[in-house]
1. Amide H to amide H under 5 Å from Thr212: which residues, 5+ apart in sequence or cross-chain, H placed 1.01 Å off N in plane?
2. Rank by packing, highest mean first: peptides 229-236, 144-151, with packing defined as the count of other Cβ atoms within 10 Å averaged across residues.
3. Between Thr26 and Met1, what length comes free when the chain is fully extended (0.36 nm per residue of separation minus the Cα-Cα distance, one decimal in nm)?
4. Calculate, in whole percent, how much of the Cα-Cα pair population of region 5-306 lies beyond 35 Å.
5. I need the peptides 266-275, 177-186 ranked by packing, meaning the mean over residues of other C-beta atoms within 10 angstrom, with the highest value on top.
6. Within the chain, which DSSP H helices have Cα atoms that stretch 24 Å or more along the helix axis and a mean Kyte-Doolittle hydropathy of at least 1.0?
7. Once you have the Kirkwood Rh of region 52-148 from its Cα pairs, apply Stokes-Einstein at 37 °C and 0.692 mPa s and quote D in µm²/s.
8. Between region 91-168 and region 19-79, what's the alpha-carbon centroid distance in Å?
Amino acid sequence: MSDLILCECFARDGLQHETAFLATDTKRDLIDQFARAGFRRVEATSYSNPAVVPQFADASELLAVLPRVDGVHYKATCANTRAVERALTDLDAGIGVNEISLLVSASDSHSERNLKQSRAGQWLRVEAMAKAAQGRFRLVGTISVAFGCPFEGAIDPASVMEDVARFASLGVKYITLGDTIGVATQASTKALFAQMLSSFPDVHAIAHFHDTRGTGIVNYLAALEAGVSHFDVAFGGTGGHPAKVQYGGGVTGNVCTEDFVNVLETMGVDTGIDLTAMMAASQACETALGRQLASRVARTGLNPMLRPMLSAQTVDSPEAK
């Protein structure tokens, strides 16, 4: 099994920007397709206020019909204690996720705009949420705008490390650094993650970058070089801001799943992803949204040097036997 773990974010971060509601059954089928393609972490939904992010008004309904693949962590985003309580209710009903994320912003201005709370207020909420979770979920802490804020500019790396320490003190062992507006560079990416991994060896660092300026993949490779093994991606580069919350120049999509996996596999890095299944899922995402998405690989196909690998996967697949 690959040591590198990709989290497929299409169904949550990818869809949060979509103004048209995607049918629950379609979401279910896509998420199941992602898990069966080899993604060991999948963002399934968000316990958001439907008035703010209507795309996830069906969170519990979706989880009730979602098949589960052994070994896969299905994640739901939680913005407040009420969201954690909803996650617990679904868990008690036997339909819950096994991973939830807790959000903070690296700047006060972004926190006020995105979470309607000061940083101090949001940290109090996060502490209450971690306690409310009762140790029943794997907790993922996310630090948005860790590399730069659309309102305040540069973020002090020391402040980001203080946030990592604060999450770790709450028992959060998976911590995401988010380049929310696509301002990270190879140098800043490598430096910040190297500092995090050195200072917090028991924490799993996760990279969640938006590809605003076309630098997402090169920055992910810098993170990989720094020792990061967890990366968030989304089919077609979908995602960014919730449809009713915009900042930083509009949509800033995620790193394209197809393109990043293609790069890694051509480097000889084992992603653990079934490439044929990935390309089928890529097409399914475009069909679901009714338009072409941003992935270059979706248009051109995988690097032809990967054909021997694709042939081997076909021979080894259950359908071929």
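Quick note: the coordinates plus some simple rules give every number you see, no bench work behind them. Because the structure is predicted, anything quoted here is derived from the model rather than measured. Ideal geometry is used to build each Cβ from the backbone, glycine not excepted, and the neighbour counts take in all protein chains shown.
1. The answer is Gly182.
2. Top of the packing list down: 229-236, 144-151.
3. 6.1 nm
4. On the way: 4886 of 45451 pairs.
That tail contains 11 percent of the Cα-Cα pairs.
5. 177-186, 266-275
6. Details: long enough: none.
Counting only whole DSSP H runs, no helix qualifies.
7. On the way: Rh = 14.2 Å.
Roughly 231 µm²/s, to the nearest whole number.
8. Region 91-168 and region 19-79 have Cα centres separated by 20 Å.
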